[in-house]
Amino acid sequence: MATRTALNNIDLDTVEMTLDIMKYVINRITTTDPFLGEIQSEEELFNLVGETITEEGIGGEIALDKWKNILSKACTTIDHPRHLAFVPAAPSRAAVLFDLVVSASCIHGAYWLEGAGGIFAENQAMKWLVSLTGLPKGAFGVFTSGGTAANLSAIVTAREAWRSNKLENQTKKGMILTSVGAHSSIKAMAKVTDAEVILVETEEQMTQQELEQKWAELPSEIKERIFAVVATGGTTNAGIIDDLKGVAKFCQDKKLWFHVDAAYGGGALAADSVRHLFNGIEEADSITIDPHKWLFSPYDCGAVIYKKPELAREAHAQHASYLKIFDDPRAQGFNPSDYQIQLTRRVRGLPLWYSLAMHGTQVYKNAIERGIELAQIAAKKIEQRENLELVREPGLSCVLFRRKGWSAEEYKLWTYENIRKNFAFVTPTQWQSNGKTESVARFCFINPDTTESDIDKILDSME
């Protein structure tokens, strides 16, 4: 008679562990004013926690207690309403709960044969995402681990399409055109694909005119190696949207792949108030959007969308003897692994699907509009204070502003003091204008539960 290993025993301890973990989860998702988090060194944490991985194990109750009371408190609460740094996240409670279902269901989401039900549901959410872009019929995408993986998948697809167009391109080192304001992952992923990056020197909106000017400066042998232009649909630093219509025209004229990195800003495609700013995105060959940013999904959930998914399949589909079964007609369906760099993947689009199915898309639109509205409210409050001034007009939900007279070190001290008080997580950034780089303060509003009072209190802390 077969026996279970200790890993999978179903006993009283397992039941109690399940109940304890569910209590923790329920408490976490029902807390409206969570602990912000505190910074602790590795040495400090070890002194508090000790060695947790032992030959005999320390037991689930003790391990959970160390997590609840020590380790979790040394992590920043990203969905805290006064976390306005970087690009925060604010997953809906429905999405967080369904993430538990995804883990408990143990679905391998690479192939239809194994994960048909989960992939079907993911694709329902993907259809809505694709509809926001305005891409033509036939366009589709796949959920990835985040914007970096999505950008890499798109760059690989673009490079392979370029190489297949001309035999001589097979041995050339490709190049990508983008702007200084593009996300750091573009440059990093270019290294992964052994491509080089040419930068248009602007942190403001990249325009067709600037691209034309940069193109005119390049020798013909360089032009022949350029296979893609990456525009940004909402820069991380300031929420700036490139001249997508102009970039699309440039790419069409030069026969270049047009990729839009809208990892942060892509959620705003659902907002009627700013949708016109994205005009031209419907001409893109590929688009990155991160649902774990402005579409209220838990980490990690990115997405890459292709105008012609078959090109992605040609670039990414893996072939091996043990994978032959997936070619059988009875196993046919949408295989997410064929369209991005990962083979093994969880069905990470399911929490988004469940939250959308539960709430409806209008609730999402309203929540995104609230982030844009909060940025406008913050800008007005900043303008009303003598010691503060806007660096530029808000871009989507990003606000850059300066505290008059502050040095870079004073911004940092202000950041750490607010964290120490368990009050707010707001960090400075660097902004370049007229050849000068300065430290400035930055808000990024994602969480619709952030209040005007939160904004007032943070600004008060700069007095």
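Quick notes on this structure:
- Set of lysines with alpha-carbon distance to Lys457 below 24 Å, sequence-local pairs under 8 removed: Lys73, Lys380, Lys381, Lys404, Lys412, Lys421
- FRET efficiency estimate (nearest 0.05) - Cβ-Cβ, Ser184 to Ile26, R0 41 angstrom: 0.65
- Ordering His276, Val247, Tyr264 by Cα displacement along the dipole of segment 245-286 toward the positive end leaves Val247 in first place; charges were set at the Cβ atoms of Lys, Arg (+1) and Asp, Glu (-1).
- Potential lengthening of the chain between Thr171 and Glu438 amounts to 91.9 nm, from the contour at 0.36 nm per residue minus the alpha-carbon distance.
- Looking at segment 37-82, the accessible area is 69 square angstrom per residue; that uses a 1.4 Å probe and ignores ligands, DNA and RNA.
- Non-local Lys pairs in segment 209-303, i.e. 8 or more apart or on different chains, that have alpha carbons under 14 Å apart: 4
- Low-density loop positions, trypsin sites (Lys or Arg not before Pro), segment 193-264 - DSSP coil, at most 10 other Cβ in 10 Å: Lys255
- R0 of 35 Å, Cβ-Cβ distance Ser220-Asn279: FRET efficiency to nearest 0.05: 0.60
- Beta bridges by DSSP in the chain, antiparallel share as percent, to the nearest 5: 60
- In straight-distance terms, cross-link reach from Lys187 covers every one of the lysines whose alpha-carbon lies under 17 Å from its own, apart from those fewer than eight places away in the same chain; here that gives Lys173.
- Diffusion coefficient, µm² s⁻¹, Stokes-Einstein with Kirkwood Rh over alpha-carbon pairs of the chain at 20 °C and 1.002 mPa s: 89
- Working ranking of peptides 44-55, 378-389 by packing, defined as the average number of other Cβ atoms within 10 Å per residue, highest first, is 378-389, 44-55.
- Ranked by the mean number of other Cβ atoms within 10 Å of their residues, highest first, the peptides 32-41, 256-265 fall in the order 256-265, 32-41.
- For the pair Ile53 and Lys73, a Förster radius of 22 Å applied to the C-beta separation gives a FRET efficiency near 0.60, rounded to the nearest 0.05.
- Those trypsin sites (Lys or Arg not before Pro) in segment 1-97 that DSSP places in a loop and that have at most 14 other beta carbons within 10 Å: Arg4
- Probe 1.4 Å, protein heavy atoms only - accessible area per residue of segment 108-183 in square angstrom: 38
- Segment Asp456-Glu212, length gained on full extension (0.36 nm per residue, minus Cα span): 83.4 nm
- Under 5 Å, built H, 5+ apart or other chain: amide partners of Thr232: Asp242, Asp261
- Residue-wise HN-Hα coupling along segment 416-425, computed from phi with Karplus coefficients 6.51, -1.76, 1.60 (Hz; x: Gly, Pro): 5, 5, 5, 5, 4, 7, 6, 9, 7, 10
- The alpha carbon centroids of segment 313-391 and segment 44-65 are separated by 35 Å.
- Gained length - His359 relative to Ile62, 0.36 nm times residue gap less alpha-carbon distance: 103.2 nm
- Aspartates and glutamates with Cα under 13 Å of Lys166, excluding same-chain neighbours fewer than 8 positions away: Glu224
The values are calculated or read from the model by the stated rules, or taken from the named source; none is laboratory data. Note that the coordinates shown come from a computational prediction; the quantities given were computed from them, not determined experimentally. Cβ coordinates were reconstructed from backbone atoms using ideal geometry, including for glycine residues, and neighbour counts include every protein chain displayed. Note: areas computed on protein heavy atoms with side chains; ligands, DNA, RNA excluded. Shrake-Rupley method; radii C 1.70, N 1.55, O 1.52, S 1.80 Å.
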